[in-house]
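Engineer: If you scroll down you'll find the structure; I have some questions about it.
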Amino acid sequence: MEPPMDGNLISIFGADAPDHLRKESLRDLVKLAGVLAELREHFEEPLKVLETLKMLNLIQREALGLDEPLADGDALFYRFRNKYGYEPGIRLDRLLNVLQKYNWISRGKRRLTMLDAGKRMTDTLIRLANDSLAYYMQDDVARSLFQARRDADLGEAYDDKGISGGDRMASMIRNTADAVDELKERQLELLADRNALPQIQIIADLMQELNDRMNERLSPFEGVEEADSLPPLLQQGREIMREGMEISLGTLNKFLHFARLQQTEIRTEISPQAIRRYIIQSFDKATDSEQPRGHEILSFLEQDRVPGERLDGMWVPVQFASPVSNLQLADTVRYLEGYVPKAEPILERLEPDYPKAEEWTEDEIGLHLARMEWQLTKERIRTDEVERILQKREAVGLEKLVLEAGSENWSDALNALLAVSALVGGQQAAIEREEGGAEHAQAPETRTEWQLMNKGGEKNVVRRTGGQLQQSAAGSDGAPDGGAQSR
Amino acid sequence: MSSEELEGSYSNLPLAAMERLTAVLSPDEEYAFVQIMFSSSAAVRSDSFGLSRREVMKILKLSPDDGQGFVSFLKRVNQAVSRYYRLVYDERRDRAVVLIHVPARQARELLPSESLALLMFIFYHQEVLRNDFTLFTQLLEAFGHESLDVRRKILANLDTLIKLGAVSRYEHPSGEEAYALTAIGARLFSDSYLKRFTEFSHSQQLNMDDVLKFFKRYNLEAGEGM
């Protein structure tokens, strides 16, 4: 808020404040901060703060000449005990040391005195505490109003005397607005409370007083400028004041009206005109009227002046919602609890990386198919052992091979024989009739449970064919790259 | 505080009162009560609230001319639960509905003040003056000079009342917008509310009996006015 009439309002923010003085005054605040910081343990607990303030107050009273001079810390201690009837719990020597350090007090040989800075700071601290106390002593609606009135006080105390107390006017308007909002919200409660009259009265009085003071403070502005170019702030202030007056007086009027109603004589005839008029009136939103509206009547019922009235509010159909299963509820709760909004921009969907298609000739396809078929066969029939033997030797007699790959048990031999036939089927080996190859055809001497039945079977020799295929088949369990390499 | 406790115990009692129903009602009658209760709920049936007398009689397996049986059913239900629920049969509109008692504090949140005023007007117009319906133009005329943009305001509040089932649209032969009070709307205001309302309108205390007489609430059948 700009200075009202003349331009020389003293403000720490003003451009015309002499620099060195501004620094000096700010140093006061530095001292205050220093004391508060160093006496941290004194200012951390409400009760200790109180003792500290009491102590400061005692020193200050001496400085103001209200009390006898203080000789030293001990004198202070005993004065405290005398005055308050108990011993202070804070560390007195530390307090005095800190105060001395920041030049709030000085300690001579005989005398403990408070310096000017100390007086001002102590004053401020105690006033701050008292302000808070006064604030908290109000109930919630009146608090904002009280604060607004305090703003008016401060405005008078400072701004009018040429010292800026800050934007008092704005603060006052804001506090009043808060109080009016609160009042609107609480109006029905106030009406419902049979004993709320004193409270409503206080609020209405405060509002009235505030209105007068506000007018007083606003009128100089209006004199200077034309009415229609009023700063928005002032206009807003007027508006809020009007509303506040209306609602506080309206509440008071309705309450009194209701209370008075209880004193009247009981009448028997009812006038339809009056009813109709009242119905139409209760539709309107006017807040200052004496006549309560629908909700306000319900609030009055809450006062329960006629026993049972409070219960007898209205009759409505029971509202049933379709049943919700607890599973659904649990799901919903989980979803809500785990819900994390997407704060980052959504990433673009990545295209999957497709490998390039390989081209095969018909032969190659045949080869691959054959290998796949072979792998499938191997899945079902254990050919490893036979393959191993064939790997070592080019050709082996069938009987010998079966014995070596299997055993003398016929079940093993059967498996081995199956493997051989699989190899032959897979074109990995061939069975030939070898006439001369005695060393291959040599029948083993071991006693076996089995015997090859076909005639001349001992002359059959299994020979490895298709070397490269066999190698890959033998050496791998079907990894395709093996085949690709061998090509 | 004792009044708080009192209120607390009230809110627990309805269930206990329901327990007593088996003592006075037959299974069929219980079933009918629950059916009426359900059909009275705005959330279940959005257009016509409650059951007609014929439907109730059917559930009760009463012969259509057994008026005595029907009245006895109403009476016994109300005797058992009437502090908290009320089974209302509205003869004019042929509707049986179950209403629940809402204490003043909760009732404040139920409807806006404007809706209450509107409903009171319709209530007065139809219950006291015995009109079958209220035209929208009549509402407009009554409230028109009181506030700005009143048409929209009235429509919005009527909508609220229709949702609650207190008012329904009335098929007027001339196609004019008209509204009829339902059985719910006719009983929505409690006796105490009507008394206080009338007292405020006259700035004078009144007798409950006179008020009820004025609003044609006296002599309600089936002990429902207790």
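Engineer: Residues to consider are A:Ala321, A:Ala357; find the one that is modelled with pLDDT under 85, within 42 Å of the chain's Cα centre (by Cα) and outside any helix (DSSP H, G or I).
Structural biologist: It is A:Ala321.
Engineer: Given the structure, is B:Phe73 more than 14 Å from every other protein chain (Cβ to nearest Cβ), closer than 18 Å to B:Ala183 by Cβ and in contact with a helix residue (DSSP H, G or I) (Cβ under 9 Å, 6 or more places away or on another chain)?
Structural biologist: yes
Engineer: Go through region B:157-181 and give me each residue that's open to solvent by less than 20 Å² (accessible area, probe 1.4 Å) and within 10 Å of chain A (Cβ to nearest Cβ).
Structural biologist: If the condition is that a residue be open to solvent by less than 20 Å² (accessible area, probe 1.4 Å) and within 10 Å of chain A (Cβ to nearest Cβ), then B:Asn157, B:Gly165, B:Ala166 are the ones that fit.
Engineer: Still on this structure: Which residues, counting only those in region A:256-292, are part of a helix (DSSP H, G or I) and either at pLDDT below 85 or under 13 Å from B:Glu114 (Cα atoms) (or both)? Steps first, please.
Structural biologist: To start, the set of residues in region A:256-292 that are part of a helix (DSSP H, G or I) comprises A:256-261, A:272-283.
Answer for region A:256-292, where residues must be part of a helix (DSSP H, G or I) and either at pLDDT below 85 or under 13 Å from B:Glu114 (Cα atoms) (or both): A:Tyr278, A:Ile279, A:Ile280, A:Gln281, A:Ser282, A:Phe283.
Engineer: Could you please find all residues in region B:119-156 being more than 7 Å from chain A (Cβ to nearest Cβ) and in a loop (DSSP other than H, G, I, E, B)?
Structural biologist: Listed by number, the residues that qualify are B:Leu129, B:Arg130, B:Asn131, B:Asp132, B:Phe133, B:Gly144, B:His145, B:Leu148, B:Asp149.
Engineer: Identify, please: which residue in region A:255-279 is of a type in the set (Phe, Trp, Tyr) and more than 7 Å from chain B (Cβ to nearest Cβ) and is, among those, farthest from A:Ile202 (Cα to Cα)?
Structural biologist: The selected residue is A:Phe258.
Engineer: Here's a follow-up. Restricting to region A:378-399, what's the tally of residues that are within 17 Å of A:Ile431 (Cβ to Cβ), open to solvent by less than 60 Å² (accessible area, probe 1.4 Å) and not hydrophobic (A, V, I, L, M, F, W, C)?
Structural biologist: Selection size over region A:378-399: 4.
Engineer: Exactly one condition in (1) within 18 Å of A:Gly118 (Cα to Cα); (2) in contact (Cβ under 8 Å) with a residue 60 or more places away in the chain is false for A:Phe43; which is it?
Structural biologist: Checking A:Phe43 against (1) within 18 Å of A:Gly118 (Cα to Cα); (2) in contact (Cβ under 8 Å) with a residue 60 or more places away in the chain, the one that fails is (2).
Engineer: Can you say whether A:Leu125 is at pLDDT below 90 and open to solvent by less than 50 Å² (accessible area, probe 1.4 Å), as far as the supplied structure shows?
Structural biologist: On the way: at pLDDT below 90: no; open to solvent by less than 50 Å² (accessible area, probe 1.4 Å): yes.
No: the conditions fail for A:Leu125.
Engineer: A further question follows. Out of region B:82-118, which residues are more than 9 Å from chain A (Cβ to nearest Cβ) and closer than 20 Å to B:Thr134 by Cα?
Structural biologist: Selection gives B:Asp90, B:Glu91, B:Arg92, B:Arg93, B:Asp94, B:Arg95.
Engineer: Go through region B:144-172 and give me each residue that's within 21 Å of the chain's Cα centre (by Cα) and polar (S, T, N, Q).
Structural biologist: B:Asn157, B:Thr160, B:Ser168 - these are the residues of region B:144-172 that are within 21 Å of the chain's Cα centre (by Cα) and polar (S, T, N, Q).
Engineer: Can you pull out the residues in region A:223-244 that are at pLDDT below 70 and either among the β-branched types (Val, Ile, Thr) or exposed (fewer than 14 other Cβ atoms within 10 Å of the Cβ) (or both)? It would help to see each step written out before you state the result.
Structural biologist: Let us first name the residues in region A:223-244 that are at pLDDT below 70, namely A:223-230.
Correct list: A:Gly223, A:Val224, A:Glu225, A:Glu226, A:Ala227, A:Asp228, A:Ser229.
Engineer: If you go through region B:61-83, how many residues are at pLDDT below 80 and either more than 15 Å from B:Phe33 (Cβ to Cβ) or buried (at least 18 other Cβ atoms within 10 Å of the Cβ) (or both)?
Structural biologist: The number of residues fulfilling the criteria is 3.
Engineer: Taking A:His295 as the residue in question, decide whether it is at the interface with another protein chain (Cβ under 8 Å from one of its Cβ atoms), in contact with an Asp or Glu (Cβ under 6 Å, 6 or more places away or on another chain) and modelled with pLDDT of 85 or more. First the steps, then the outcome.
Structural biologist: Numbers: at the interface with another protein chain (Cβ under 8 Å from one of its Cβ atoms): yes; in contact with an Asp or Glu (Cβ under 6 Å, 6 or more places away or on another chain): no; modelled with pLDDT of 85 or more: yes.
Considered against the rule, which asks whether it is at the interface with another protein chain (Cβ under 8 Å from one of its Cβ atoms), in contact with an Asp or Glu (Cβ under 6 Å, 6 or more places away or on another chain) and modelled with pLDDT of 85 or more, A:His295 comes out as no.
The values are calculated or read from the model by the stated rules, or taken from the named source; none is laboratory data. Bear in mind that the values here come from a model prediction, so they are computed numbers and not experimental data. Cβ atoms come from the backbone with ideal geometry, glycine included; neighbour counts cover every protein chain shown. Keep in mind that these areas ignore ligands, DNA and RNA; they rest on the heavy atoms of the full protein, side chains included. Shrake-Rupley method; radii C 1.70, N 1.55, O 1.52, S 1.80 Å.
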